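The values are calculated or read from the model by the stated rules, or taken from the named source; none is laboratory data. All of these numbers come straight from a predicted model, not from anything done at the bench. Neighbour counts are summed over all protein chains in view; Cβ atoms, including those assigned to glycine, are modelled from backbone coordinates with ideal geometry. All accessible areas refer to the heavy atoms of the entire protein, side chains included, with ligands and DNA or RNA removed. Shrake-Rupley method; radii C 1.70, N 1.55, O 1.52, S 1.80 Å.
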Amino acid sequence: MSTTLSTAEALPMETGQALPAAGSSFYTAMRLLPKARREAMYAVYAFCRAVDDVADEGGPRDVRAAELDRWRADIDALYAGKPPARVRALVDPIRQYGLKREDFQAVIDGMAMDAEEDIVAPSEAKLDLYCDRVASAVGRLSVRIFGMPEADGITLAWHQGRALQLTNILRDIDEDAERGRLYLPLEKFHAVGLKDPTPRSALAHPRLAEVCNAVAAEAQEHYRQTWAIIARNPRSTTKAARLMAAAYRLYLDAVLRRGWAAPRARVKPSKAALIAVALRHGIF
């Protein structure tokens, strides 16, 4: 799955939760937050990792669907004031920052989209729904923890979630194809003459670059909108969002420089570039 939170390996916690791997952009961004907000983000991260693992670790689809239904029930019980043990760490963040039940349920619904089937060339509308659930819903939870104003926070989550998710999709096209998945949208393949794309036929198509560049252009516009919102809000509430946007943009720029001709090497920004981003957006 090409989700924003699954780009960093998780480190186990004694409580059974998970922390993002030290050195990842997500970990670095969260370290910029005050302690209470940071711990709230780690609780949200642990939830997202847990449901992501259900969707992505294989096994019978009906078993995965049943487990995701149990997570839905746990979230409902949490908001009913009877939190099961595995979601108890979310009690304080929900109370302190007004996190919405529907956003947690949207994350589960996004994971269910991967658990129910291997997504292959979804429609533009289905891809946008997927991005909203697996990325922007996490963003809506995050911006409340960051302390952003409601309207700008929700709009930031909308654009930044899609920017990061489309970046992941472009970066991971070969890895996703190996798992029988293709997140690039159907309409863009129709535009280059491929009627019924499969992961193999899509990645071998001579006009794949046109499809990928069109998706990249959409991601770039979402980054532009993201930075416009960040620029008009205090740095104290946007430091983590700044760092995430800048770090993920490095990945998008890297895949665009590499191009789409096979064989495609896995891209990774240099350590120096990532450090520069951390210094610029995390300290100054």
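Overview of values
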item	result
Verdict on residue 140 being open to solvent by 20 Å² or more (accessible area, probe 1.4 Å), among the basic types (Lys, Arg), touching a Phe, Trp or Tyr at 6+ places or on another chain (Cβ under 7 Å) and within 26 Å of residue 97 (Cβ to Cβ)	no
Residues of region 40-65 that turn out to be free of Cβ contacts under 8 Å to residues at least 24 places away in the same chain and of a type outside the set (Gly, Ala, Ser), as a count	5
The one condition in (1) farther than 28 Å from residue 33 by Cβ; (2) free of Cβ contacts under 8 Å to residues at least 60 places away in the same chain; (3) not charged (D, E, K, R) that residue 104 fails to fulfil	(1)
Cβ-Cβ under 7 Å pairs, at least 6 apart or on other chains, region 115-138 side of a type in the set (S, T, N, Q), far side assigned to a helix (DSSP H, G or I)	123/186; 123/187; 136/157; 136/158; 136/161; 136/162
Failed criterion for residue 83 (all others in (1) under 23 Å from residue 256 (Cα atoms); (2) assigned to a loop (DSSP other than H, G, I, E, B); (3) open to solvent by 20 Å² or more (accessible area, probe 1.4 Å) hold)	(1)
Selection within region 188-208 - among the aliphatic types (A, V, I, L, M), open to solvent by less than 40 Å² (accessible area, probe 1.4 Å) and touching a residue at least 40 places away in the same chain (Cβ under 8 Å)	202, 203, 208
Residue satisfying condition, being touching a Cys at 6+ places or on another chain (Cβ under 8 Å) and surrounded by 19 or more Cβ atoms within 10 Å (Cβ to Cβ), within set 184, 243	184
Region 209-233, subset closer than 30 Å to residue 147 by Cβ and free of Cβ contacts under 8 Å to residues at least 24 places away in the same chain, residue surrounded by the most Cβ atoms within 10 Å (Cβ to Cβ)	227
